[in-house]
Structures are given as C-alpha cells and as structure tokens.
Amino acid sequence: MNLTINRRQFIAGGMCATSLAMLGGRRAFAQDKTALRLLWWGSQSRAERTFKVIDLYTRSHPDIAIEGESTGWSNYWPRLATQTSGGNSPDIIQMDYRYIFEYARRGVLAPMDPFIESGALDVTDFSKIGLDGGRVDNKLYGVNLGQNSATVVINKAAWQEAGLDIPHAGMTWEDYGEQCEKLTRKTQRRNFYGCTDEGGQDKAFECWQRQNGKELYTNDGKLDFGEKEITEWFEFWADMRKRQACVPADIQSLSKDTIDTNPLSTGHAATCFVHSNQIVGYIAINKDPLAMTCYPVKAGKSRPGQYLKPSQFFSIANSSDHGKEAAEFISFFVNDPVATKVLGVERGVPVSAAVRKSVQSELGDGDKMQVDYIASLGDDLVGPLPPAPPLGAGEIEVLFKQVNEQVGFDVLSPAEAGARLVEEASQILDRN
C-alpha cells in the first residue's frame, strides 16, 4: 500500500478528534482566511504528527487555514511535478536534497533569505552547516527539518532466532553477504531472507562509490562512475539473489519505496537499507525489536561512505501568493517548543541545538536510537556532503530501480544492465 492521505481522510479514519468544520479542505475555509497548501511524503506516523502541528498553528492563528496532503515517496515526485507544471503548486513543499537544486534552478522555489531578513522566518539557532544544505547558488531555498544518514535497519529477533550475531559497524560487504545467506538457511520463518535487494537503490550505490573515493555525480553534473563500477554493483546483488542471501525479485518488486511495503515490514527480510530518520516509522509498524548500524565497508576500508544529510526541507513555492504566511508557519514548525515535541525526530535529528535539547526528554526508545546512531557516526564514519545532484537525478533514481529489477528477473545480465544504465543516465543528464 502506498499511503496517500489528506485532512478529510485523516479525520474520517478516526485519527483526530478535531471537528471536520475546523479542519476541512481548502474549499471549506472561510473566505476571510488565508489558505495555504502543504504537501509532504512520509509514513502514517509523519502524517499524524504533521496534522497535529497544523492544528496547533491554526488554533493560534485563526486567520490562517492549512490544507495538508501526504503520499508515499514514489508517488510524491510525479504528483509534485504535475502540480507545479500545471500551475497548481502547493504553497509549502517538502523537498529532498536530491531534488532541491533541480526545482530551485527551474524557478519553482522561492529564495527564503528575504523572509529571514524580514523576520518572518527565524533560523537564528541553526548552525551554518545545518542551513547550508538548503542553499543553491548561494541562496537559501529550503529550511532543513532534520539531519539523518544512511543506515541498515535490523530485525534483532530474526537474527537471534537464527543464532547469529546481528550486522555491525566495520562488517565488510563479503561478511554481510555470508551472514545474510546463513540467516536465510537457518531461519524458521517462511519466505524470509537475510536482507532486501538494494541493487536498485542509487543511495546505496552512492555509499559503495564513496568507499572507493568517488561520488555518484561530479561537481559539473556528470556521472562519477562508468560501466565497470556499476556492473560490479549489479554483480554483487545478482550473487546475493543467487545465494538467496537477499529477497528474490518477485518480493522486492512489491516494494513501493514506502515503510509499509519494504520487505522488512512485510515479513520477508531481516535487514534493509534506509535513511536513519525512518526508524521511527519502522518501529511504529514492526512488532519485532529493531536495531541500527552503518553500511558494510569494502575490504581494507574503514569509512562506510556515509554523510550527514538533510533529511528533508520545507520550501516555499515561487508562485505562492502567501510567501510571508508560509514562512511564518515554517518558522513555527521548526522552533515552537510544543510543535517540535510533537514532531520529535521523525523527520531527522533537529538542526537547532535548542530544539534538540528540548525534545530529548520526550523521546521514546526508537527516537533515542536514532539520535544515538547519528552521534555514534562521529567524524570517523561520515564524510562531507556530496556534489549537488544534477537536473535529471530523479529520473536516474527511477532508472536504477528499473534496471536492477530487469537483472533480478533475468532479462539483463549485470554487464548489460551496467551498460544500459550508464548510457541512459548519460542521455538524461545531457538533455537536462
């Protein structure tokens, strides 16, 4: 299931006690109110938290009405592209580091520096590093909602039942593959495997690349890999499928890049590779206890290729007639003590030191796990932010998944897949 939820559906599902009259869609708002639209991707937990903060804000700002809508990651970007190209952009847009450069340079997003200068947007407690992730060509286009990093989420119970140690920091890719193969053989769970198939995830390949001192893209927006590197990646995962160390292609193909459709959540895999802030959503829907560790490393390497990434941003549409009001809501979202406690760390570890301190006492075990994980990475395990993803990076992300799936279903060999991906990805970059 790929979650899509708007406010009416949220209320109809019994998830909020506030009346429909207070929380109705945009057309139900009184004409004397300033109506804002907010679009984000994420889990059910994120929707619940976000709607609660919207309610907090609108109760204290009766002249503002906010219509919120959420969907899963894979549906989000086609929906946003359709809305922005059709002149129906949300006022406030949840934005990802992979896409912010593309949308800012296309003129879809509004520079936010003027809102800081006017006082509508308060980021005085944000670190320079925390803010700079949202800058494109020296202008701020997104307010960082939290820091995260890549992580391996682990079903502890499944590994313990199999009598195996859980994956750990410093484990090589070869050791990880062997352990996953052992788990598949030893487990008593039906149609259960050591890990998900991550061959189609460009973010996982990016860490693999960074372990070799390279990136996914160069500073001038070209591929920083060739057929040799990507073929080796596809070969690794083809071997994992052959050894039944990871889920087969028919199970992996059911994943829609959402927490609830990931094979770990559907009861088919003991580990998966995701962003660290997603642990909150995974804990919410998985009955077994979970753990986190960093990516496996290449033999002889010590860094897993990870970096501290802005988990997502809030941006303002350039076409919005209510930029000031949108900025004021974003300021509330990232600073207000009550709002930030509702949000917790579901969108990542807060960038503001004051907010981190404020929410610490409210965190549950899963939230604390995320904060501790980010702290554990330190300077030894993370590197600098990679070069900005170029225009077309979103298409290439989809291409990764499509090509790996064809390898999984024996339509392409790893070498053929590597050649196709490099050729088509290069074409995508050239035409953008």
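A few notes on this one:
- By DSSP, the beta bridges lying fully in the chain are antiparallel in about 60 percent of cases.
- Placing +1 on the Cβ of every Lys and Arg and -1 on the Cβ of every Asp and Glu, with nothing else charged, gives segment 185-239 a dipole about its Cα centre of roughly 540 debye.
- Each peptide in 325-336, 67-78 was scored by the mean count of other Cβ atoms within 10 Å over its residues; highest first, the order is 325-336, 67-78.
- Taking the longest Cα principal axis of the chain as reference, the axis of helix 44-60 is set at about 10 degrees.
- Bins of 5 Å, starting at 0 and running to the largest distance - Cα pair percent for segment 279-421: 2, 7, 11, 13, 14, 17, 15, 10, 6, 4, 1
- Summing Lys and Arg as +1 and Asp and Glu as -1 over all other residues whose Cβ lies under 12 Å from the Cβ of THR231 gives a net charge of -3.
- Our summary gives the chain a relative contact order of 24 percent, counting only alpha carbon pairs under 8 angstrom and 6 or more residues apart.
- Calculated semi-axes √(5λ) of the Cα gyration tensor in Å (choose from (i) 33, 29, 23; (ii) 36, 24, 21; (iii) 30, 27, 23), label: (ii)
- 0 to 90° range, to nearest 10: angle between helix 393-408 axis and the chain longest Cα axis: 30
- Residue among ASN191, VAL342, VAL247 farthest towards the positive dipole end of the chain, charges placed on Cβ: VAL342
- Here the Karplus curve 6.51 cos²θ - 1.76 cosθ + 1.60, taken at θ = phi - 60°, turns the phi angles of segment 416-426 into couplings of 5, 5, x, 5, 5, 4, 5, 5, 6, 5, 5 Hz, with x standing for Gly and Pro.
- Counting only heavy atoms of the protein chains and using a 1.4 Å probe, HIS275 has close to 50 Å² of accessible surface.
- Segment 57-210 - percent relative contact order, Cα under 8 Å, separation 6 or more: 11
- When the chain is treated as a GNM with alpha-carbon contacts under 10 Å, the residue of SER276, SER320, SER85 showing the greatest mean-square fluctuation is SER85.
- Think of the chain as a dipole: +1 on every Lys or Arg Cβ, -1 on every Asp or Glu Cβ, centred on the Cα centre; then among THR258, MET95, PHE115, THR258 lies furthest on the positive end.
- Dipole of the chain, positive direction: furthest Cα of PHE236, ASN138, ALA354, with charges on the beta-carbon: ALA354
- Whole-Å distance, taken between Cα centres, linking segment 297-356 and segment 133-162: 11
- The figure for THR266 is an accessible area of roughly 70 square angstrom, using a 1.4 Å probe on the protein chains alone.
- Length available on full extension from LYS256 to LYS182: 0.36 nm per residue minus the Cα-Cα distance, which gives 23.9 nm.
- A 1.4 Å probe, protein heavy atoms only, puts the accessible area of LEU56 near 40 Å².
- Placing dummy labels 7 Å off each Cα toward the beta-carbon, the span from LYS242 to GLU362 is 5.2 nm.
- Applying a DSSP loop filter and a limit of 10 other Cβ atoms within 10 Å to the trypsin sites (Lys or Arg not before Pro) in segment 273-327 leaves LYS287.
- Solvent-accessible surface of segment 208-360, averaged per residue with a 1.4 angstrom probe and all protein chains in place: 37 square angstrom.
- Within the accessible surface of the chain, defined with a 1.4 Å probe on protein heavy atoms only, the carbon and sulfur portion equals 48 percent.
- For trypsin sites (Lys or Arg not before Pro), the sites in segment 91-124 that DSSP calls loop and that have at most 14 other Cβ atoms within 10 Å are ARG106.
- Calculated P(r) tail over 16 Å for segment 379-432, as whole % of Cα pairs: 51
- Per residue of the chain, the DSSP helices (runs of n ≥ 4 H) give a summed -39500 (n - 2.57) that works out to -13500 deg cm²/dmol at 222 nm.
- Cut-off 13 Å between beta-carbons: net charge of the residues surrounding GLU362, Lys and Arg +1, Asp and Glu -1: +2
- In a simple Cβ point-charge model (Lys, Arg +1; Asp, Glu -1; nothing else charged), the chain has a dipole of about 820 debye relative to its Cα centre.
- Candidate aspartates and glutamates - alpha carbon under 20 Å from LYS341, same-chain residues fewer than 8 apart omitted: GLU48, ASP55, ASP122, ASP125, GLU328, GLU362, ASP365, ASP367, ASP372
- Whole-Hz ³J(HN,Hα) from phi, Karplus 6.51 cos²θ - 1.76 cosθ + 1.60, for segment 373-383, glycine and proline x: 5, 4, 5, 5, 5, x, 6, 6, 10, 10, x
- The modelled label-to-label distance for the pair ASP379/ASP32, using points 7 Å beyond Cα in the direction of Cβ, is 5.8 nm.
- Inter-centroid distance (Cα atoms) of segment 56-122 relative to segment 190-237, Å: 30
The values are calculated or read from the model by the stated rules, or taken from the named source; none is laboratory data. What you see is a predicted model; the values in this text were computed from it and never measured. Cβ sites come from the backbone with ideal geometry, for glycine too, and all protein chains shown count toward neighbours. The accessibility values were calculated without ligands, DNA or RNA, using every heavy atom of the protein model including side chains. Shrake-Rupley method; radii C 1.70, N 1.55, O 1.52, S 1.80 Å.
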